[in-house]
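The values are calculated or read from the model by the stated rules, or taken from the named source; none is laboratory data. If you're wondering where the values come from, they're calculated on a predicted model, not measured in any experiment. Glycine also receives a Cβ, built like all others from the backbone with ideal geometry; neighbour counts cover every protein chain displayed. Surface accessibility is based on the protein's heavy atoms, side chains included, excluding ligands, DNA and RNA. Shrake-Rupley method; radii C 1.70, N 1.55, O 1.52, S 1.80 Å.
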Amino acid sequence: PSALSRVPLKTRTTIPGRFVGREEEQTQLRGLSGDIVLWGQPGVGKTALLERMSEDEWGYFLVDDDRETIANTVRRLDPIRIILDDAHFKIDLISQLRQLREEIGAKFNIVATCWPARVKDIRGHLGTSVTLEIPLLSRDEIAEVVGSAGLKGTEELIQAIIDQAQGRAGLATTLAWLCISGQSIEVARGDALLAD
């Protein structure tokens, strides 16, 4: 099995649909070189953005932590970038990737995602000053996310999702999916948000 994938390991629900916003961030990412720290609030869409970028062969997600499997996969695929999603939970993998890169003479860059409170720590472990913040989406963009998810609901339900998501596309998608799955009442009351 491969240690690298175009598709990340996910714990959140994803719904196929039109990708909303993030054109500016995609352009910025394509213009950056070297190791990068990509940061933003939980649920803002960091993983979805990088998954979209990976569709265009921009990078691979690290989906295994076995050193030998990673080394063999790097030798086979010769990736341009390796994405370490939620790096703040996997600090030791940053050091392993840096060491592996040096040991086998690989040329890949590391893209580490993290939450705002851990940016400085991840930058220190990665040894880079290149960072990019993924900001919250506007209310109109969150409404597009909900529509793209295929949710057909009352205006009040849509507004409740927009209010609860607070600019976070991943959270809006999760709440929309819960409604589609028959949990509209829990979403409208805010119970689903508390559970998520």
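Does any residue of segment 143-156 turn out to be of a type in the set (Val, Ile, Thr) and farther than 26 Å from Asp86 by Cβ?
Yes, some residue in segment 143-156 is of a type in the set (Val, Ile, Thr) and farther than 26 Å from Asp86 by Cβ.
Taking into account only those residues within segment 30-45 that are open to solvent by less than 10 Å² (accessible area, probe 1.4 Å) and either out of contact with any helix residue (DSSP H, G or I) (no Cβ under 6 Å at 6 or more places or on another chain) or among the charged types (D, E, K, R) (or both), which is farthest from Leu171 (Cα to Cα)?
Ile36
From the list Leu175, Leu171, exactly one residue is open to solvent by less than 20 Å² (accessible area, probe 1.4 Å), of a type outside the set (Val, Ile, Thr), modelled with pLDDT under 95 and within 30 Å of Asp92 (Cβ to Cβ). Which is it?
On the way: Leu175 fails: within 30 Å of Asp92 (Cβ to Cβ).
On inspection, the qualifying residue turns out to be Leu171.
Applying the selection to segment 46-86, what residues are basic (Lys, Arg) and open to solvent by 30 Å² or more (accessible area, probe 1.4 Å)?
Answer for segment 46-86, where residues must be basic (Lys, Arg) and open to solvent by 30 Å² or more (accessible area, probe 1.4 Å): Arg52, Arg67, Arg75, Arg76, Arg81.
When you scan segment 87-104, do you find a residue that is within 30 Å of Ile185 (Cβ to Cβ), open to solvent by 10 Å² or more (accessible area, probe 1.4 Å) and at pLDDT 95 or above, even just one?
Scanning segment 87-104, I find no residue that is within 30 Å of Ile185 (Cβ to Cβ), open to solvent by 10 Å² or more (accessible area, probe 1.4 Å) and at pLDDT 95 or above, so the answer is no.
Please report, ordered by residue number, the helices (runs of 4 or more DSSP H) entirely within segment 54-156 with at least 1 residues that are closer than 21 Å to Ala169 by Cβ.
Of the helices (runs of 4 or more DSSP H) lying wholly inside segment 54-156, those with at least 1 residues that are closer than 21 Å to Ala169 by Cβ span 119-126, 139-148.
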